[in-house]
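The values are calculated or read from the model by the stated rules, or taken from the named source; none is laboratory data. The model shown is predicted, which means the values in this text are computed figures rather than measured ones. All accessible areas refer to the heavy atoms of the entire protein, side chains included, with ligands and DNA or RNA removed. Shrake-Rupley method; radii C 1.70, N 1.55, O 1.52, S 1.80 Å.
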Amino acid sequence: MNAPRTRVQRRPVHGVLLLDKPLGWSSNDALQKVKWLLRAEKAGHTGTLDPLASGVLPLCFGAATKFSQLQLEAPKTYEAIALLGVTTTTADAEGEVVEQREVTAAMLTPERLAAVRQQFTGPIRQVPPMHSALKKDGKALYEYARAGIEVERPARDVTILALAIEPIQTEAGQPALRLIVQCSKGTYIRTLGEDIGHALGCGAHLTFLRRIDTGGISVDRCVTLADLEAMDEDERMQQVQPVQTLLAQHTSVTLDSDNAGRFLSGLRRRGQWPDADAVAVFGDAPRALLGVGHIKAGELVPDRLLSPIEIQQILESSPRAERGTLETTL
């Protein structure tokens, strides 16, 4: 008879863990693993990262889940390797080979690569790949693809903010391109690599994909899943960054205890502030994130607020918590 499974005692965790997602893991699998390691009650990620890609995946816990959409909308930066001369059914190494073509020196001259780089920089249109999680009639496109069915996909507008293209050779001596791509939400790097190969006249598919930055959060700030598993519980909790890590691009406003309490009640506050679309609002005694809002004509308008319970839990979990001043803020 099998021994009963030990039930994990969940607890409130508030903040952001910056994960360097490993290859082969879905974003949700990685999230559930880290949620289990932290024994967190509530968790969410900031947009999926393909199982065949590694790199930056901010994971949100507790109050941070209220702001996960901000990272979903943020620009992303990827490093990719596109193998030239071979196209596949999935635009990456997982698919079956569709066509092989010769790669000539004329395709890879500096002038030709510069022209292609210009062609794919700025606003472009992409047809989403069949092997993607986009849905049609309630079903993911990859489900149609696995059944051998191709459905019509409308082209989508995306923006390539910056693109670097470097010709390289693989370890096997095959011609390839190293791409560094900064792009808007919704960009498919597999499709971009395939389209660049098509524009060069030889075709291409991705053999490597790594997200190296999202919304200003770079991969060198991230912890690997293997390192996280090797840590004890206290060390893991030290990897959880404050909720405001997601708000680095926001203007910061600090309110005194009286105005902080009113703001937390959903009331607008007036002050000598310049207009701002995105504001992170803090209380000052003790310093604590209250939520986000915007400023128009000197009026601070709440948009998304933390609850008093969330703020209390964050302060109590902080080694610098000034317990004696909590009531004046809340």
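Evaluated over the chain, the count of Lys pairs having alpha-carbon atoms less than 17 Å apart is 8 (only pairs 8 or more residues apart or interchain). Return the long-range amide H neighbours of Thr170 (sequence gap of 5 or more, or a different chain), with a cut-off of under 5 Å between placed amide H atoms. When sequence neighbours closer than 5 places are left aside, the close amide H contacts are Ala176. Accessible surface of the chain, 1.4 Å probe: 48 percent of it comes from carbon and sulfur atoms.
Name the shape class, rounded, prolate or oblate, that the alpha-carbon gyration tensor gives for region 1-104, where a ≥ b ≥ c are the square roots of its eigenvalues, rounded holds for a/c under 1.5, and otherwise prolate holds if a/b is larger than b/c and oblate otherwise. The shape class here is oblate. Amide H to amide H distances under 5 Å link Leu49 with Ser27, where only residues 5 or more positions off or on other chains count and H is placed in the peptide plane. Each Cα pair under 8 Å and six or more residues apart adds its sequence gap; the mean of these over the residue count of region 1-127 is a relative contact order of 20 percent. May I ask you to derive the relative contact order of the chain, considering only C-alpha pairs under 8 Å and at least 6 residues apart, and to give it as an integer percent? Averaging sequence separation for qualifying contacts and normalising by length gives 19 percent for the chain.
The Kirkwood radius of region 188-246, taken over pairs of alpha-carbon atoms, gives through the Stokes-Einstein law at 25 °C and 0.890 mPa s a diffusion coefficient of 167 µm² s⁻¹. What is the angle, in °, between the Cα long axis of helix 27-38 and the longest principal axis of the Cα atoms in the chain? Nearest 10 is fine, range 0 to 90. Its long axis makes an angle of about 40 degrees. Give me the base-10 log of I(q)/I(0) for region 184-330 at each q in 0.21 Å⁻¹, Debye formula, one uniform scatterer per Cα, rounded to two decimals. Taking Cα atoms of region 184-330 as identical point scatterers yields -1.24. Length gained on full extension, Lys296 to Gln32, computed as 0.36 nm times the residue gap minus the Cα-Cα distance: 91.1 nm.
Remark: C-alpha extents of region 263-324 on the principal axes read 37, 18, 17 Å, sorted largest to smallest. Spherically averaged projected area of the convex hull of Cα atoms, the chain: 22.8 nm².
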